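What follows is a single structure, written as C-alpha cells, with notes after it.
The values are calculated or read from the model by the stated rules, or taken from the named source; none is laboratory data. In this text the structure is predicted, and so the values were computed from the model without any measurement. Reconstructed Cβ throughout: ideal geometry from the backbone, glycine too, with neighbour counts over all protein chains shown. Remember, those area values only see protein heavy atoms, side chains included, never the ligands or the DNA or RNA. Shrake-Rupley method; radii C 1.70, N 1.55, O 1.52, S 1.80 Å.
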Amino acid sequence: QVQVVESGGGLVQAGGSLRLSCAASGSIFSTPVMGWYRQAPGKQRDFVANIISGGSTNYADSVKGRFTISRDNAKNAVYLQMNNLKPEDTGVYSCYAEVIEARGLVPYDYWGQGTQVTVSS
C-alpha cells in the first residue's frame, strides 16, 4: 500500500510565495514521475507540473517562470515552489506519484488528499 501526503498550502496575498511538499511512502520500488495538479472551484482539475526521476520537468504555460518543481528521489518527495502568485492560482493542489511497487510491475498513480492554496488580490 502507498500513501501520498501533501503539506504547505495556505492563504497568501498576490505576489507572494508558497512552497508545497509531498511525500510518498509505503511499498515503493521506484517513482518514475511525480507531479502536481490543481482544481479551482467549479472547474476541472488541471495539470501544473511534473518531474521525472532523472530531473526533467514539465510545466503548464500558466505557471512557467513562476513555479519550480523539484524532487528528492531518496525520500520519494516532490516540492513545488510557487512565486509571484496570482488570484487565478487559487485552488486545491493535489500531488500524484507514479509508483512501481516492485521490479517488473506496471506503474500505478497514487494521489494525495489535496491542499488548499488561496491567493487574495
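Tabulated data for the structure shown
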quantity	calculated
Solvent-accessible area per residue, Å², over the chain with all protein chains present [probe radius 1.4 Å]	52 Å²
Selection of chymotrypsin sites (Phe, Trp or Tyr not before Pro), the stretch 13-74, meeting DSSP coil and at most 14 other Cβ within 10 Å	Phe29
The stretch 66-121: trypsin sites (Lys or Arg not before Pro) in DSSP coil with no more than 11 other Cβ atoms inside 10 Å	Arg103
Diffusion coefficient, µm² s⁻¹, Stokes-Einstein with Kirkwood Rh over alpha-carbon pairs of the chain at 10 °C and 1.306 mPa s	110 µm²/s
Residue among Tyr79, Tyr93, Tyr108 with the largest mean-square fluctuation in a Gaussian network model of the chain, springs linking Cα atoms under 10 Å	Tyr108
For the chain, built as a Gaussian network whose Cα springs stay under 10 Å, the top-fluctuating residue of Gly16, Gly42, Gly26	Gly42
Coil-residue trypsin sites (Lys or Arg not before Pro) of the stretch 2-46, DSSP, other Cβ within 10 Å capped at 16	Lys43
Carbon/sulfur fraction of accessible area - the stretch 39-83, other protein chains in place, 1.4 Å, %	43 percent
Relative contact order (percent, whole number), the chain, Cα cutoff 8 Å, 6+ residue spacing	36 percent
